[in-house]
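The values are calculated or read from the model by the stated rules, or taken from the named source; none is laboratory data. Remember, predicted model here, so these are calculated numbers, not experimental data. Because the Cβ atoms are built from the backbone with ideal geometry, glycine has one as well, and the counts that use them run over all protein chains shown.
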Amino acid sequence: MGDLLKGISSFRGAVFPNQSALYRKLAREGQQPQALMISCADSRVMPETITQAGPGDLFVCRNAGNIVPPFSTLNGGVSSAIEYAILALGVSDIVVCGHSDCGAMKGLCHPELLEPMPNVAAWLRHSHAAHSIVCRAYPDDLSESDRVRAVAMENVVVQLDHLKTHPSVAAKLATSEITLHGWFFDIETGEVQVYDGAKATFTVPQEGEPLPVAVTGRDRPHVMPQIAATLAAE
């Protein structure tokens, strides 16, 4: 705690004075973040640092395993953050960001590690599909580190699928008002890979080139013309 107190003192004395005008503006006008980022609670994964975002740039929701539970009527922190970000703040981009050496994914691969942590085990049921994909579709001779990495990357895609079950997200996708992104952060190298939904693969984005995206409203089949044609024929 001593280090944290020193950090607070440093922020107040050296950082805040140079950004006081920005903080005053944010206090007066409220926040208008560019995107919602759903990332892991791992202390090594810092969304604002990775993106070099400033105050007010990102609306961040962190949890063990960067999980997005499928929509239900039960209240939850992740679901509430998604709904608020879209309907109250009007974000047009949502990023699900996984990472290498993820402890949650290790627990998913080794359930015995979670025996003393029943709440964590229950939470990770939302990632079981990612583990099943790797068990059935990947080579059996993967090293332990490669297996955990594969599960973590597949987990990003699974959580993107869950994200689309949320009514606020589905509605914005239907009107092409929102874009979904899947990222994977490598802690050791600092590299960020981006999921390209069109190619169903992760790729390293190149500066000056369009950023690959996971899901856009344009990717969603629109049934309205079909419905209109059916009604007209009746």
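Mind telling me which of the residues 54, 65 ends up being at negative phi and outside any helix (DSSP H, G or I)?
54
Can you list residue pairs whose Cβ atoms sit under 9 Å apart, with the first residue in the range 152-178 being at positive phi and in a loop (DSSP other than H, G, I, E, B) and the second being surrounded by 14 or more Cβ atoms within 10 Å (Cβ to Cβ) and of a type in the set (Val, Ile, Thr)? Count only pairs 6 or more apart in sequence or on different chains.
Listed by first residue and then by second, the contacts come to 176/216.
Please pick out the residue among 81, 35, 27 that is surrounded by fewer than 13 Cβ atoms within 10 Å (Cβ to Cβ) and among the hydrophobic types (A, V, I, L, M, F, W, C). Break it down into steps so the answer makes sense when it comes.
Details: 81 fails: surrounded by fewer than 13 Cβ atoms within 10 Å (Cβ to Cβ); 35 fails: surrounded by fewer than 13 Cβ atoms within 10 Å (Cβ to Cβ).
None of the others qualify; the one that does is 27.
Filter the range 150-175 down to the residues that are among the polar types (S, T, N, Q) and out of contact with any strand residue (DSSP E or B) (no Cβ under 7 Å at 6 or more places or on another chain) and list them by number.
Within the range 150-175, 165, 168, 175 meet the criteria.
Can you say whether residue 87 is more than 14 Å from the chain's Cα centre (by Cα), touching a residue at least 60 places away in the same chain (Cβ under 8 Å) and buried (at least 20 other Cβ atoms within 10 Å of the Cβ), as far as the supplied structure shows? Step through it out loud before you land on a result.
Details: more than 14 Å from the chain's Cα centre (by Cα): yes; touching a residue at least 60 places away in the same chain (Cβ under 8 Å): yes; buried (at least 20 other Cβ atoms within 10 Å of the Cβ): no.
Judged against the criteria, residue 87 is not a match.
When you look at residue 71, is it at negative phi, of a type in the set (Phe, Trp, Tyr) and surrounded by 17 or more Cβ atoms within 10 Å (Cβ to Cβ), yes or no? Don't jump to the end; show me each part of the working.
Working: at negative phi: yes; of a type in the set (Phe, Trp, Tyr): yes; surrounded by 17 or more Cβ atoms within 10 Å (Cβ to Cβ): yes.
Yes: the conditions hold for residue 71.
Show the residue pairs meeting these rules: Cβ distance below 6 Å; 6+ apart or different chains; first residue within the range 16-44 and modelled with pLDDT under 95; second residue outside any strand (DSSP E or B).
If the second residue must be outside any strand (DSSP E or B), the pairs left are 34/57.
Being in contact (Cβ under 8 Å) with a residue 12 or more places away in the chain, of a type in the set (Ser, Thr, Tyr) and surrounded by fewer than 16 Cβ atoms within 10 Å (Cβ to Cβ) is the filter here; which residues of the range 112-144 pass it?
138
Condition first: more than 25 Å from residue 188 (Cα to Cα) and surrounded by 16 or more Cβ atoms within 10 Å (Cβ to Cβ). Now tell me which residues in the range 38-58 satisfy that.
56, 57
How many residues are surrounded by 19 or more Cβ atoms within 10 Å (Cβ to Cβ) and in contact with a helix residue (DSSP H, G or I) (Cβ under 7 Å, 6 or more places away or on another chain) if we restrict to the range 163-182?
8
Read through the list (1) touching a helix residue (DSSP H, G or I) at 6+ places or on another chain (Cβ under 8 Å); (2) in a helix (DSSP H, G or I); (3) not acidic (Asp, Glu), then give the number of the only condition that residue 24 fails.
(1)
What tally of residues in the range 27-45 results from selecting those that are over 28 Å from residue 101 (Cβ atoms) and either among the acidic types (Asp, Glu) or in a helix (DSSP H, G or I) (or both)?
Residues flagged as over 28 Å from residue 101 (Cβ atoms) and either among the acidic types (Asp, Glu) or in a helix (DSSP H, G or I) (or both) within the range 27-45 amount to 3.
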